[in-house]
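The values are calculated or read from the model by the stated rules, or taken from the named source; none is laboratory data. Remember, it's a predicted structure, so these values are computed and weren't measured experimentally. Neighbour counts run over all protein chains shown; Cβ positions are idealised from the backbone, glycine included.
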Amino acid sequence: MNAATIPPIPFLDLKAQQARLGPQLRQRLDAVLAHGQFILGPEVAELEAKLAAFCGASHCVTVSSGTDALQIALMAEGIGRGDAVFLPAFTYTATAEVPLLLGATPVFVDVDPRTFQIDLNSLDVRIAEVKQAGKLRPSAIIGVDLFGQPANWPGLQAIAQKEGLFTLDDCAQSFGGALQGRRLGREADATATSFFPSKPLGAYGDGGALFTESAERAALYRSLRTHGEGTTRYEVLRVGMNGRLDTMQAAVLLAKLEVFEAEIARREEIAKIYDTELTGIITTPARVPESQSAWAVYAILLADNAAREHAKSVLQGAGIGHAVYYPRALHQQPAYAACHDGAALPVAEELGSRILALPIHPDLTDTQAHRVAATLRAALGK
Ligand SMILES: *Cc1c(COP(=O)(O)O)cnc(C)c1O
């Protein structure tokens, strides 16, 4: 068969997922159209209860996006000017954007070269440096569960307790993942996730949620997502925002939650195919011990940038979707250069030139996964 006639393999296939979800999705959306409560309709409360039950958290407050979830969590702690917020340099921009928007200073921390998660030794060093410089108050750690795997939460919590820091889990990519048999959602003082369409549990628009074990925090989050309102709509207790999840997205998520566990299991099967076919040939993703990944991303490491660019062009030629998360560490981005203290973060800097993500959505077939692996092996001459 000529290359042009082989069907392409999409990086993400939301159409196939929609077909698989079947009539439930439309029934859920039709119900919203019928009752017309587009803001904080009954689906929102139903979703919050189901999400909390899913991950074992005491409280769930849905919000308008993963970014707004991070912002509301930091606003609730009063984080702002003079506060140092420690976060990994190798993550999505939103993790660093939010502290800056609130006037706080993100302090970038290096990551582990094999799991890509925040490096505890680097965190210790960065906290000591901030204390030594004496300009900022160490206030919070945002641990990111990158690519679907959990960060080292027992280690992060030990450091946070010693230093008296608030912990926020940026679980945008990893809702559905687990650590030591517990689903992510209660590893930190608060957990923020995202329902952006490409995340493991994706809506058909923007959405997010906060999880916490604290009733006080949950009440604050509810107030903050509705302009800081009090017990009545026209009592404004604090400066908040318009940060609610809309009912249509809650309806979509309720339909998707039904198949979510099966989707994670399917992503795990695809990861195993890639592991089997690629281990020993290129660097496959290291597993965080005692964890289950939600497999938002399956990222391999090529030998160097030239090898990565070659692999990209071969995949491109074969019609195989792929992506680079992230081509640059955050402290190397123009927007964040000015707030960075200049510390070298060598692992985060190098990963950007060698990393490559392969398709791992739940509608990928075994045959497609084998074709991705075979194409990559051929590209590397193996
Ligand atoms: C996607 C993502 C976010 C932001 O989520 P949105 O819903 O797009 O606002 C934050 N942090 C990480 C690590 C993400 O991957």
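Taken as a whole, the range 253-260 holds at least one residue that is within 16 Å of the ligand (Cβ to nearest atom), modelled with pLDDT of 95 or more, hydrophobic (A, V, I, L, M, F, W, C) and part of a helix (DSSP H, G or I).
Does LEU301 satisfy being farther than 19 Å from ARG371 by Cα and in contact with a helix residue (DSSP H, G or I) (Cβ under 7 Å, 6 or more places away or on another chain)?
Judged against the criteria, LEU301 is not a match.
Scanning the range 82-126 for residues that are out of contact with any Ser or Thr (no Cβ under 9 Å at 6 or more places or on another chain) and of a type in the set (Lys, Arg) gives a single hit, ARG126. Of ALA158, ALA215, all but one fail to be more than 16 Å from the ligand (Cβ to nearest atom) and without any contact (Cβ under 8 Å) to a residue 60 or more places away in the chain; the exception is ALA158. Close contacts from the range 263-276, counting a first residue that is at negative phi and a second that is in a helix (DSSP H, G or I), with Cβ to Cβ under 7 Å and a gap of 6+ residues or different chains, come to ILE270/ALA369; ILE273/ASP366; ILE273/ALA369; ILE273/HIS370; ILE273/ALA373; TYR274/ALA369; TYR274/ALA373. Close Cβ contacts (under 6 Å, 6 or more residues apart or on different chains) running from residues in the range 88-116 that are farther than 15 Å from HIS340 by Cα and not assigned by TED's automatic domain parsing to the domain that holds ARG328 to residues that are part of a loop (DSSP other than H, G, I, E, B) and within 14 Å of the ligand (Cβ to nearest atom) comprise VAL111/PHE90.
Residues in the range 127-147 that are in contact (Cβ under 8 Å) with a residue 40 or more places away in the chain and of a type in the set (A, V, I, L, M, F, W, C): ILE127, VAL130, ALA133, LEU136, ALA140, ILE141, ILE142, VAL144, LEU146, PHE147. The sole residue among LEU351, LEU376 that is part of a helix (DSSP H, G or I), surrounded by 15 or more Cβ atoms within 10 Å (Cβ to Cβ) and over 22 Å from the mean Cα position of the chain (by Cα) is LEU376.
Taken together, the residues in the range 77-94 that are away from the ligand (no atom under 16 Å from the Cβ) and surrounded by fewer than 24 Cβ atoms within 10 Å (Cβ to Cβ) amount to 7. Here's a check for you: in the range 289-345, which residue that is out of contact with any Lys or Arg (no Cβ under 8 Å at 6 or more places or on another chain) and among the charged types (D, E, K, R) is surrounded by the fewest Cβ atoms within 10 Å (Cβ to Cβ)? Among residues in the range 289-345 that are out of contact with any Lys or Arg (no Cβ under 8 Å at 6 or more places or on another chain) and among the charged types (D, E, K, R), the one surrounded by the fewest Cβ atoms within 10 Å (Cβ to Cβ) is GLU290. Take ARG20 and tell me if it is part of a helix (DSSP H, G or I) and at pLDDT below 95. Here the answer is yes, as ARG20 does meet what is asked.
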